[in-house]
1. Any idea which of Val43, Val53 is assigned by TED's automatic domain parsing to the domain that holds Phe115, modelled with pLDDT of 70 or more and surrounded by fewer than 14 Cβ atoms within 10 Å (Cβ to Cβ)?
2. Test of understanding: among Gly64, Gly21, Gly28, which residue is surrounded by 15 or more Cβ atoms within 10 Å (Cβ to Cβ) and at pLDDT below 75?
3. State which residue pairs qualify: first residue over 21 Å from Asp224 (Cβ atoms) and inside region 54-83, second residue among the polar types (S, T, N, Q) and modelled with pLDDT of 90 or more in any location, beta carbons under 6 Å apart, and separation of 6 or more residues or different chains.
4. Restricting the first residue to region 145-157 and requiring it to be free of Cβ contacts under 8 Å to residues at least 40 places away in the same chain, which pairs with a second residue that is not acidic (Asp, Glu) meet a Cβ separation below 6 Å and a spacing of at least six or different chains?
5. With respect to Leu155, determine if the residue is hydrophobic (A, V, I, L, M, F, W, C) and touching a Pro at 6+ places or on another chain (Cβ under 6 Å).
6. Just one of the numbered conditions (1) surrounded by 18 or more Cβ atoms within 10 Å (Cβ to Cβ); (2) within 17 Å of Lys47 (Cα to Cα); (3) at pLDDT 90 or above is not true of Gly192; which one?
7. Pairs needed: first member in region 221-232, over 12 Å from Val173 (Cα atoms) and part of a helix (DSSP H, G or I); second member anywhere, at pLDDT 85 or above and β-branched (Val, Ile, Thr); C-beta distance under 9 Å; at least 6 residues apart or different chains.
8. Going by the structure shown, is Glu38 touching a residue at least 24 places away in the same chain (Cβ under 8 Å), over 15 Å from Ala185 (Cα atoms) and more than 22 Å from the chain's Cα centre (by Cα)?
Amino acid sequence: MNSTLVTLCRFFLLIILLLAGMFLERTGMMEYLSDPYELWYTVELVKQHMGMVGVSMAMATAFGLAVGIIFTRPKFERYSGPVMYMVGLGQTIPSLAVIALVMSILGIGCKAAVFALFIYSMLPIARNTMAGIKAIPAWMTDAARGMGMSSMRILFQIEIPNAMDVILTGFRVALVINIGTAALAFLIGAGGLGEHIFIGIDLMRTDKLLAGAIPTILLALFADHLCEVLRFWIIPKGLRLQEKA
């Protein structure tokens with residue numbers, strides 16, 4: 001039964017790929033990227049896009065983890081509500097407005113785009129870090145404390161490993177949102193795949209538009225798959241087996 005299902009999935013995937021190839025051929029994207037200069041330029045835009053995403057996600061991950069951990073500590077837990085409200089302001093504002101506001105302060109260019117993406121990406125990581133740590137049963141931390149473990153050991157050996165699945169989910173959501181939003185960075189002169197997308201719209205050239213949109217989609221899908229692989233390596237085996245049970 002499983003082998004039949006796998007065969008059917010492979011067959012439908014092959015059909016989808018064939019239809020996608022025909023679509024791209026008819027829109028002229030394949031011909032557009034067959035030009036060595038345009039292909040090289042598209043690769044450079046992909047590098048710019050990945051650079052902005054990488055730097056902003058590193059900042060958002062560091063800040064989100066720090067906020068999520070600090071405001072689950074007994075001394076600071078009472079401030080968690082107002083702090084999460086302030087962190088969440090970036091998500092309540094439309095992404096284009098966030099980029100415009102940051103541009104008015106930092107000017108145009110990559111620096112402003114990275115900071116805007118950082119603001120837009122840190123909420124899912126901070127919120128999931130806090131939710132994951134708060135969801136750990138009290139008896140687990142009480143037992144660790146009764147064994148003589150310090151607060152730092154409880155954090156790194158009990159709380160973070162048990163909350164890692166929830167934290168990774170927040171990171172996964174933030175990463176996919178970041179990749180899509182980074183296309184808007186072109187509007188403030190930061191480059192990226194948005195350059196192909198918006199120039200293609202202005203010139204009404206479907207081939208150029210798709211040369212930016214398709215790689216953006218593929219980057220998001222690859223990042224989502226990479227997070228799944230990362231989950232396999234980071235989540236302790238015992239917790240994975242417990243979920244399956």
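The values are calculated or read from the model by the stated rules, or taken from the named source; none is laboratory data. What you see is a predicted model; the values in this text were computed from it and never measured. We place every Cβ from the backbone using ideal geometry, glycine too, and count neighbours over all the protein chains shown.
1. That would be Val43, the only listed residue that is assigned by TED's automatic domain parsing to the domain that holds Phe115, modelled with pLDDT of 70 or more and surrounded by fewer than 14 Cβ atoms within 10 Å (Cβ to Cβ).
2. That would be Gly28, the only listed residue that is surrounded by 15 or more Cβ atoms within 10 Å (Cβ to Cβ) and at pLDDT below 75.
3. Hits for this filter: Gly68/Thr129.
4. As it stands, the answer is Ile154/Thr141; Ile154/Ala144, since those pairs meet every condition given.
5. No.
6. Failed condition: (3).
7. That search, which allows pairs on different chains as well, returns Arg231/Thr169.
8. yes
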